[in-house]
Amino acid sequence: MGRPRRIAIVGGGVAGLAAAYQLGQLFHQNESVDIVLYESSSRLGGIVETVREGGFVLEGGPDGWVSEKPWARELAGELGLDDELVFSNDAERRTYVLLDGILKAMPNGMRMMVPTNLDALDTSDLFSAEAKQAFHHEVSRASELKEQAPRSDESVAQFVRRHFGDEVLDKIGAPLLSGVFGGDVAQLSVRAVMAPFVAMEREHGSLIAGLKAREASEKRPPLFTTLRSGLGTLIDRMVATIPQHWIRLGVETKAIRREQDGWTVSSSLGMEHFDTIFLATPLHVTRMLLEPVAPQASALMQMQASSAVVVAFGFDDAEQVPIPPGFGFLVPPGPQSMLLACTFMDQKFPDRVPPGGRLLRAFFGGRAATRVLPCSNDEIAAIARMELARILRPLPDPRVTVIRRWPQSLPQYAVGHLERMEELEGCVHRLGGLYLLGNGYRGVGLPDLIRDARSAVRSAMRG
Ligand SMILES: Cc1cc2nc3c(=O)[nH]c(=O)nc-3n(C[C@H](O)[C@H](O)[C@H](O)COP(=O)(O)OP(=O)(O)OC[C@H]3O[C@@H](n4cnc5c(N)ncnc54)[C@H](O)[C@@H]3O)c2cc1C
C-alpha cells in the first residue's frame, strides 16, 4: 500500500467545517487518507456562534440563511436537523428605515429595492412623491432600460440610480447592501451581489416587471430559515461527524509553501507535508499566506473588508421594550445613528426568547464598527443601548448581553469582482492541489459557503 494521501484544511469556520464534513463522508475510517483541520482559535465555527442563556438563543454572527438558496438546508437535512428548521414569520415581515430620527416602514412587497405592490408603495410615507413617480416610471421605461443595459459590470449605485434614482438608493439600497456586503454601494459590483436583478434587466428591462413575472410563476418559500436551537447546532452536528483526531484547535497556520510534490504547512506544531490544501481562513489571512507563494493570486485578493460588531440584548419583559411589528430597522449611512441596523429577533423567528421575553440585535458596521472595535464590552453595550434608546425609547437593564467583534469579516465585492475571481481561479488552478474557500470569492452567505466547500472537495477528489 502507498503512503496515505494527506489533506489539510486551514480554518474551522463554516467553510472549513463543510469541507471537513464532506471529506468525512468520503473517507471516514479510511486509512488511505490522512486529514488535518487547523484552527487558530480555541473553538470551531468562526463567525457562526450561538450563545444560549436564560432561555434566550443569541446569535453572535449570522442568525439564519436565505431560504431560496438550498445548500444550507440540504446540509441540515443530512445532519438530521429537519425538525430543527424554523422559518421567518413572513406574515409579520416589515422592515423600517430610520429617517430624521423616526422609523418609517418600507412598503409591503419590497424585494430589496424593488416593489412588487405599487399600491402599497403609493400609501407609504417612506418615499417622496418624486421617488414614487420614479418607481412607476420604471415600468414604462422597460424597453429603454433593456436597450441601455451595460455590457460590462457597474456599481450597485449606478444600477439602482438608473432604475429608481438617488432617493431609493440612499434610503434603502445603501443600508440594505452595506449590511450584508459591508461595502460602499458606489464600489460594490452589481454583477457579483445582485446577479438575479442584472439578469432580470437583460430579460425585461424593468425590474418591477421582471419580479412580477417571476413571482407569478413561482411560490416563494419563507424568506429566512434558521435552527430552533441556533446556528451553532449546525456547527456542532458537523463537528460530531468529523473524526476528532483530524482537528487541531489553537494551532495557527503561519505559512504555506509549494513543494514539487505538494504543499507544506508551517504552524506552531512544526512543518507538515500535504498533497492538497483547502484554505478556509478569512480573506486577509489567505492573502497573507498566499503572498510569498503566489503573489499574482494574492494581488487579485486585494479587496477591502469591513468589520462588524454585534450586540444582542435579551430582556425579561417585552412590554418594557415596546417595538413596532416587524423584523427590524436599517439606518441609511449618515450622522443619524452609529448603528447600521437592529433586528427584532423574537419577531423575526419563533423560539428565540423565554415566555414574555424580548431579544434585540444591534449592529455596528463600516466606520462605526472600526471605531467601537477597540472599546471594552461595557462601553460597546452602553453605546448600543444609548443609540437604541434614541430610536426606540430608554431600555430597561437586559437580562443577557452578548457582544461579538468581527474585524475585517465582510469582504467587499467591488466592480469587476467576477472577472478577478475568474483570473484568481486560473492562478490557483495552475498551482495545483490548492482550493480557496470562504466569503471572499463566490458569495458571503452560509448557503454559498457550504455549496462551495462541498463542491471543492468533490472536484479535489476527482482530480
Ligand atoms: C455580523 C455578521 C452577520 C452575518 N449574518 C449572516 C446571516 O444572517 N446569514 C448568512 O448567510 N450569512 C451571514 N453572515 C456571513 C457569514 O456569517 C460569513 O460569511 C461566514 O460565517 C464566514 O465563514 P468562513 O468559514 O468563511 O470564515 P470564518 O467564520 O471567519 O472562519 C475562519 C476561521 O479561520 C480561523 N483562522 C484564522 N486565521 C487562521 C490561521 N492562520 N490558521 C488557522 N485558522 C485560522 C478563524 O479563527 C476562523 O475560525 C454574517 C456575517 C457577519 C460578520
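Computed values, structure above
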read-out: Segment Val66-His136, extension gain: residue separation times 0.36 nm, minus the distance between their alpha carbons; value: 22.4 nm
read-out: Estimated vicinal HN-Hα couplings, Hz - region 319-331 in sequence order (Karplus 6.51, -1.76, 1.60; Gly, Pro = x); value: 5, 7, 10, x, 9, x, x, x, 8, x, 9, 10, 10
read-out: Residue-by-residue Karplus 3J(HN,Hα) for region 419-427, coefficients 6.51, -1.76, 1.60, Hz, glycine and proline x; value: 5, 4, 5, 5, 5, 4, 4, x, 4
read-out: Per-pair calculated FRET efficiency, R0 = 35 Å: His429 and Asp90 via Cβ, rounded to 0.05; value: 0.25
read-out: Spacing of the two label points (7 Å from each Cα toward its C-beta) at Asp378 and His245, in nm; value: 4.8 nm
read-out: Taking region 304-411 and dividing mean pair separation by its residue count, relative contact order in percent (alpha carbons under 8 Å, at least six apart); value: 46 percent
read-out: D_trans [Stokes-Einstein, Kirkwood Rh over alpha-carbon pairs] for region 1-121, 10 °C, 1.306 mPa s, µm² s⁻¹; value: 85 µm²/s
read-out: Region 391-463 - Rg over Rh from alpha carbon coordinates, Kirkwood radius; value: 1.21
read-out: Whole-number Å³ per residue for the convex hull built on Cα positions in region 108-219; value: 101 Å³
read-out: Rounded to the nearest 20 debye, dipole of the chain from Cβ charges on Lys, Arg, Asp, Glu; value: 520 debye
read-out: Peptide ranges 135-148, 382-395, 358-371 listed from the most packed, as the mean C-beta count within 10 angstrom indicates; value: 358-371, 382-395, 135-148
read-out: Solvent-accessible heavy-atom area per residue, rounded to whole Å², over region 135-181 at 1.4 Å; value: 45 Å²
read-out: Computed over the chain, Cα set: Rg, Dmax in Å; value: 22.9, 76
read-out: Rel. contact order, % - alpha carbon contacts under 8 angstrom, at least six apart, region 108-219; value: 32 percent
read-out: Protein accessible area in the chain, 1.4 Å probe - carbon and sulfur %; value: 51 percent
read-out: The chain - mean residue ellipticity at 222 nm from DSSP helices (-39,500 (n - 2.57) per run, n ≥ 4, rounded to 500); value: -10500 deg cm²/dmol
read-out: Share of alpha-carbon pairs per 10 Å distance bin for region 304-411, given as whole %; value: 15, 49, 30, 6, 0
read-out: Mean separation of Cα contacts under 8 Å, 6 or more apart, over the residue count of the chain: relative contact order %; value: 25 percent
read-out: Under 5 Å, built H, 5+ apart or other chain: amide partners of Arg6; value: Asp34, Asp275, Thr276
read-out: Spatial separation of Cα centroids for region 88-148 and region 1-45, in angstrom; value: 46 Å
read-out: Antiparallel content of DSSP bridges confined to the chain, in %, to 5; value: 70 percent
read-out: Three semi-axes of the equivalent ellipsoid, region 50-136, Cα gyration tensor, whole Å, largest first; value: 34, 18, 10
read-out: Sites Arg202 and Glu252, calculated FRET efficiency, Cβ-Cβ separation with R0 56 Å, nearest 0.05; value: 0.80
read-out: Arg228-Thr264 pseudo-label distance in nm [points 7 Å out on the Cα-to-Cβ vector]; value: 5.2 nm
read-out: FRET efficiency for Thr370 and Thr116, using Cβ-Cβ distance with R0 set to 25 Å, rounded to 0.05; value: 0.10
read-out: Region 43-189, Cα convex hull volume normalised per residue, Å³; value: 187 Å³
read-out: Amide H partners (placed H, <5 Å) of Ala308, local residues excluded; value: Trp406, Gln408, Ser409
read-out: Computed label-point distance, nm, for sites Gln187 and Asp166 using a 7 Å Cα→Cβ extension; value: 2.2 nm
read-out: Per residue value of the accessible surface for region 304-411 (all protein chains in place, 1.4 Å probe), Å²; value: 42 Å²
read-out: Amide H partners (placed H, <5 Å) of Phe224, local residues excluded; value: Ser67, Ser88
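The values are calculated or read from the model by the stated rules, or taken from the named source; none is laboratory data. For clarity, every value in this text was computed on a predicted model and none was experimentally measured. Cβ atoms come from the backbone with ideal geometry, glycine included; neighbour counts cover every protein chain shown. The protein model used for the area step is the full one, side chains on, heavy atoms only, and it has no ligands, DNA or RNA in it. Shrake-Rupley method; radii C 1.70, N 1.55, O 1.52, S 1.80 Å.
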